[in-house]
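The structure appears right after this line, and notes come after that.
The values are calculated or read from the model by the stated rules, or taken from the named source; none is laboratory data. Keep in mind it's a predicted model, so treat the numbers as computed, not measured. Cβ placement follows ideal geometry from the backbone for every residue including glycine, while neighbour counts extend to all protein chains displayed.
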Amino acid sequence: MVECISADGSSIPPLVIFKGKNVSSSWISQKALDKNMHFASSINGWTSNELGLYWLKNCFDPATREKAAGKIRLLLCDGHDSHISSEFAYYCIQNNIYLHLLIPHSSHLLQPLDVGVFGPLKKAVSACLDPFLRVGVNRLQKVEWLDAYADAREVAITLDNIQGGFRGAGLVPLNRVRVTHSLPSVMMGPATPDSQTDLLSFDNVIKAGLSVDAHVLQSINASLRVKACRNELDTPARRYITHLADMNDQLLARNAIFQRQLNDIETIVSGRKERKKGKRLVLKDKYGLNSLEVVNQLAECEKVTKSKKGLEEQQKKIEKVNPIHAIEFPLDDEDEEIELERPKE
């Protein structure tokens, strides 16, 4: 994900980089299309010199050119290789863009996105993914993650957070000592807890709560039954009986939570099955795509599908007239992935 913000509190649509050889339409959600996001892919899911140049030409430059009104634009970047390639720097020079690289290993102090935006954004993404994580879904589909990210951007990438990031980095307004005052202090880690003591007593089992070992619980319950039969319930045993009632309430609550998680899992699985219906597009030989290009590719795919269905109907009519010498036409496969070649320039 390549994000970019401005000191005036605005941001531009991001470049989403998927891990894969080509971009598939099944990875792109309608929310992302509505936000005019750009899409690309790489084998390892990271940016590269080519994708960095694509972002500069197709994301940053068009989104900021009109606002700059012919004035110089300052672009602050970290020292990643994709930001310091010769093509990247040459394009900046040719288009009145001043490229400034931050000091190595200082982005957590000097980069406004790290200072004021990525923290809230990470929390917002976690909140949006909570319905999945709560029920133990650890492997998300790309479209599910992109939906969550689109919602999280609306919550986290705000005017206050963006301007707070520039202010916290000491850039706007200029504060030369801000960074030195932001240096983190050394924090001591928590103390190591003591090991568990012997649990073979009513009071120790009460302290352990639901984390007590099952064998220990069976032994202590057997002791309680013996005391009850002999009418020898002392004070620790009576406290343990109250504890058993509390444990029962907690287990009932856990069961209700597990039941809700099961319902949530069924909803997620049902949604995934619904998204698998229909065709998938493989957008081949494209460094990057904007939302409009994705919509156009989908429209072209629908035309191809309708054309194939027309051929199928024509074949059926011919077979009815002359079933012996019927002409064979290629049939469409519902699971086929359609690859759209890049148009020649």
Can you work out which of the residues in the stretch 123-145 that are of a type in the set (S, T, N, Q) and surrounded by fewer than 15 Cβ atoms within 10 Å (Cβ to Cβ) is modelled with the lowest pLDDT?
Asn138
Any idea which of Val155, Val117 is surrounded by 18 or more Cβ atoms within 10 Å (Cβ to Cβ), part of a helix (DSSP H, G or I) and in contact (Cβ under 8 Å) with a residue 12 or more places away in the chain?
Val117
Restrict the check to the stretch 113-121 and report whether at least one residue is in contact with a strand residue (DSSP E or B) (Cβ under 8 Å, 6 or more places away or on another chain) and modelled with pLDDT of 95 or more.
yes
What are the pairs with Cβ atoms under 8 angstrom where one residue, in the stretch 246-273, is within 17 Å of Asn138 (Cβ to Cβ) and the other, located anywhere, is of a type in the set (A, V, I, L, M) and surrounded by 10 or more Cβ atoms within 10 Å (Cβ to Cβ)? Sequence gap at least six, or different chains.
Gln261/Val135; Leu262/Val135; Asp264/Val135; Ile265/Val135; Ile265/Val137; Ile268/Val135; Ile268/Val137
Tell me, which residue of the stretch 30-44 that is polar (S, T, N, Q) and either modelled with pLDDT under 90 or part of a strand (DSSP E or B) (or both) is surrounded by the most Cβ atoms within 10 Å (Cβ to Cβ)?
Ser41
For the stretch 207-228, state whether one or more residues are at positive phi, modelled with pLDDT under 85 and under 44 Å from the mean Cα position of the chain (by Cα).
yes
When every residue in the stretch 45-81 that is in contact with a Ser or Thr (Cβ under 7 Å, 6 or more places away or on another chain) and of a type in the set (Gly, Ala, Ser) is compared, the one surrounded by the fewest Cβ atoms within 10 Å (Cβ to Cβ) is Ser48
Looking at the stretch 94-106, is at least one residue at pLDDT below 95, over 28 Å from Ser25 (Cα atoms) and among the β-branched types (Val, Ile, Thr)?
yes
Selected residue (criterion: surrounded by the most Cβ atoms within 10 Å (Cβ to Cβ)) from residues of the stretch 82-108 that are among the aromatic types (Phe, Trp, Tyr) and in contact with a helix residue (DSSP H, G or I) (Cβ under 8 Å, 6 or more places away or on another chain)
Phe88
Anything in the stretch 3-29 that is part of a loop (DSSP other than H, G, I, E, B), among the hydrophobic types (A, V, I, L, M, F, W, C) and under 16 Å from the mean Cα position of the chain (by Cα)? List them, or say none.
Ile28
Those residues of the stretch 127-148 which are out of contact with any helix residue (DSSP H, G or I) (no Cβ under 8 Å at 6 or more places or on another chain), of a type outside the set (Lys, Arg) and within 15 Å of Arg272 (Cα to Cα), in sequence order
Asn138
